[in-house]
1. Apply 1/(1 + (r/R0)^6) to the Cβ-Cβ distance of HIS245 and ARG126, taking R0 = 30 Å, and write down the FRET efficiency to the nearest 0.05.
2. About its Cα centre, how strong a charge dipole does the chain have in debye, to the nearest 20, once Lys and Arg get +1 and Asp and Glu get -1 at the Cβ?
3. Using only the Cα atoms of region 171-316, what semi-axes does the equivalent ellipsoid have when each is the square root of 5 times a gyration tensor eigenvalue? Give whole Å, largest first.
4. Need one number for region 20-116: average projected area of the convex hull over its C-alpha atoms, nm².
5. Residue by residue, what Karplus-based ³J(HN,Hα) values in Hz, rounded to whole numbers, does region 335-348 have, using 6.51, -1.76 and 1.60 with θ = phi - 60° and x for Gly and Pro?
6. Based on the Cβ-Cβ distance of GLU136 and ALA28, what FRET efficiency does E = 1/(1 + (r/R0)^6) give at R0 = 41 Å, to the nearest 0.05?
7. Any idea what angle helix 268-284 forms with the longest principal axis of the chain, computed on alpha-carbon atoms, 0 to 90 degrees, nearest 10?
8. Taking the alpha-carbon centroid of each part, what is the distance from region 293-322 to region 222-251 in angstrom?
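No lab work stands behind these numbers, since they all come straight from the coordinates. Bear in mind that the values here come from a model prediction, so they are computed numbers and not experimental data. As a convention, Cβ positions derive from the backbone with ideal geometry for all residues, glycine included, and neighbour counts pool all protein chains shown.
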Amino acid sequence: MNARGLRRLRLAPQAAGAAADPGPLAIADLEAFPLREPVSQRTYTAIRCRTRSGLTGWGECADVSPDELARARKIVAGQPATAYGRLRRDLAAIPGMEAAAGMALLDITGKLAKAPLYQVLGGPTRNKVRALARIEATADAVKQARDAGYRACLVPAPSPAARNQGQAYIRAVRAQMEWLRAAAQDCDFVLDGGGALTPGDAASTAAALERFRLLWLEEPCPLANLGTVRKIAAETVTPLGFGRHIHRAGQFQDLLREEIVDILRPSLARNGLAQIRRMAALAETYYVAVAPYHDGGPIATAAALHLAASLPNFYIQQIPLPAAEPDRQMRAAIAGGGVESVKDGFAALLTGPGLGITVQEAALERYKA
């Protein structure tokens, strides 16, 4: 028998096992709960996956249409909840469901193992997670973030009034960073360009901000021309962060090969845990750190903490800071107040099985969008 035949024989028992009836672990139901915060109007969708035995796992994504939910149900119905790797690939054509269902299946797997999810994923690599808050560039917002325990803030750069402003824009950026530093001398900052600058202004801004020692400059310009962005990266010591709009791990390869990214920013809602772990593994070979982008709800925050604990090249985790007390109360009602608690710049790891949270379904109904 040739080598190909031997490989087929070795794979045959695995294929037979995969086809076996999963019994109580079979997925019986997939349900979506669209949510909206009362003040910020931030929206996200909680996903509940339930097995025949009644075991429940939770995930989260940005939004899911009724058609996408119906397609996802057909894919996962009757499949074993522990087959999260294969089912994630089957759901790849539905990005939101790929991310959310993957979280939910991993949550179930952790509960079956009676272990925190980061242990299922091979961690922990750390015992606490550094936290980053996205805020507006105002004194009140800086104070709110510091009072909430954050010591790192992501702030939007001044909006450019026109293209290629040159020194006028540099003066505005410097003035903003100077008062931010004065308002919070114990805080680190990330400046978000939102991809709105021209390559020329992006290069000048990165160079002008070197003395402020930013954690990184976020999306300073579009990624339309990688050669131009590579020139910016080569001419400044200010770290550059990209990736929150990228979905596939392969798309990061060009950024890494061109050496234009210092901080990888994959979106948790778009990519999910397994996909970001693949991206982080690619980044690690280039000595690039990972700081997942997260602007959703508390279920995804719990998943983000477990992800952070499992990544050797993790840097910092963005955790949404509620805009007002009603929003904070909503998030606490859904997943518990301790999930997004930050002290001295760090969030604690969750130690319960799976995601380590108990989702209150009554709160999901109360805050349904």
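1. On the way: r = 27 Å, r/R0 = 0.91.
With a Förster radius of 30 Å, E is 0.65.
2. Values: 44 positive and 35 negative charges, 231 e Å.
Approximately 1100 debye in magnitude.
3. Values: eigenvalues 125, 74, 33 Å².
Whole-Å semi-axes of the equivalent ellipsoid: 25, 19, 13.
4. Details: hull surface 26.1 nm².
Averaged projected hull area, Cα only: 6.5 nm².
5. Whole-Hz 3J(HN,Hα) from phi for region 335-348: 10, x, x, x, 5, 10, 7, 10, 9, 6, x, 10, 9, 7.
6. On the way: r = 44 Å, r/R0 = 1.07.
Given R0 = 41 Å and the Cβ-Cβ separation, E is 0.40.
7. Helix 268-284 sits at roughly 80 degrees to that axis.
8. Going from one Cα centre to the other spans 22 Å.
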